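Inspection log for the structure reproduced underneath, given as structure tokens.
The values are calculated or read from the model by the stated rules, or taken from the named source; none is laboratory data. Because the structure is a prediction, the values reported are computed rather than measured. Here the Cβ is made from the backbone with ideal geometry for all residues, glycine too, and neighbour counts use every protein chain on show. Remember, those area values only see protein heavy atoms, side chains included, never the ligands or the DNA or RNA. Shrake-Rupley method; radii C 1.70, N 1.55, O 1.52, S 1.80 Å.
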Amino acid sequence: MTKVTMAKSHLLGLIGDEDTCTAFLLGGIGELNNKREPNFLVVKKDTVIGEIESHLKRLLARKDIGIVLINQHIANDVRHIIEAHTAPIPALLEIPSKEHPYDPAKDSILKRAKGMFNIDDMR
């Protein structure tokens, strides 16, 4: 008899504006860990950068988070943390928001991925 092992599932982490968080939370991503820490942060106009930085660091350190999504306009405020993150898990993805379109030129993760491939390899 073959033993089947199940892969441990991971959660999505989210740092975003109200509209982005509302959409993802309605989709069912909201969770609290055993320390009652949420896997998301709603960033409002009065949210200080220090709070965003500390929440991002906590999400990146959690073992139950597989992907962290962050609105690109918020990522610009914590770019130094994003660029220092080199671990493959959790993956860190910048996403657009309703009021701020995605700009690939500002996405440091995309720049890093482009540097891994050579256009000649794709031919």
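Being hydrophobic (A, V, I, L, M, F, W, C) and free of Cβ contacts under 8 Å to residues at least 12 places away in the same chain is the filter here, so list the residues in the range 65-96 that pass it. Don't jump to the end; show me each part of the working.
Initial filter on the range 65-96 (hydrophobic (A, V, I, L, M, F, W, C)): 65, 67-70, 74-75, 78, 81-82, 84, 87, 89, 91-93, 95.
Within the range 65-96, Ala84 is the sole residue that qualifies.
Taking the options Ala105, Ala113, Ala91, Ala84, name whichever one is closer than 28 Å to Lys8 by Cβ, of a type outside the set (Phe, Trp, Tyr), open to solvent by 60 Å² or more (accessible area, probe 1.4 Å) and at pLDDT below 95.
On the way: Ala105 fails: closer than 28 Å to Lys8 by Cβ; Ala113 fails: open to solvent by 60 Å² or more (accessible area, probe 1.4 Å); Ala91 fails: open to solvent by 60 Å² or more (accessible area, probe 1.4 Å).
Going through Ala105, Ala113, Ala91, Ala84 in turn, just one is closer than 28 Å to Lys8 by Cβ, of a type outside the set (Phe, Trp, Tyr), open to solvent by 60 Å² or more (accessible area, probe 1.4 Å) and at pLDDT below 95: Ala84.
Take the residues in the range 49-76 that are among the polar types (S, T, N, Q) and in a helix (DSSP H, G or I); name whichever of them is least open to solvent (accessible area, probe 1.4 Å).
Gln72
Which condition from (1) in contact with an Asp or Glu (Cβ under 8 Å, 6 or more places away or on another chain); (2) in contact (Cβ under 8 Å) with a residue 60 or more places away in the chain; (3) of a type outside the set (D, E, K, R) is the one that Thr20 breaks?
(1)
State all residues of the range 26-48 that are open to solvent by 60 Å² or more (accessible area, probe 1.4 Å), touching a strand residue (DSSP E or B) at 6+ places or on another chain (Cβ under 8 Å) and outside any strand (DSSP E or B); if no residue qualifies, say none.
Listed by number, the list holds a single entry, Glu31.
Check whether at least one residue in the range 66-74 is under 13 Å from the mean Cα position of the chain (by Cα) and of a type in the set (Gly, Ala, Ser), and report yes or no.
Taking every residue of the range 66-74 in turn, at least one turns out to be under 13 Å from the mean Cα position of the chain (by Cα) and of a type in the set (Gly, Ala, Ser).
Filter the range 1-25 down to the residues that are among the small types (Gly, Ala, Ser) and open to solvent by 90 Å² or more (accessible area, probe 1.4 Å), then identify the one that is modelled with the highest pLDDT.
Restricting attention to the range 1-25, the residues satisfying the condition of being among the small types (Gly, Ala, Ser) are 7, 9, 13, 16, 23.
With open to solvent by 90 Å² or more (accessible area, probe 1.4 Å) added as a condition, the list becomes 7, 9.
On the way: Ala7: 57, Ser9: 83.
Across the range 1-25, the extreme among qualifying residues is Ser9.
Residue under question is Asp121, and the condition is that it be modelled with pLDDT under 85, exposed (fewer than 15 other Cβ atoms within 10 Å of the Cβ) and out of contact with any Leu (no Cβ under 8 Å at 6 or more places or on another chain); does it hold? Let's see the steps before the verdict.
Values: modelled with pLDDT under 85: yes; exposed (fewer than 15 other Cβ atoms within 10 Å of the Cβ): yes; out of contact with any Leu (no Cβ under 8 Å at 6 or more places or on another chain): yes.
Judged against the criteria, Asp121 is a match.
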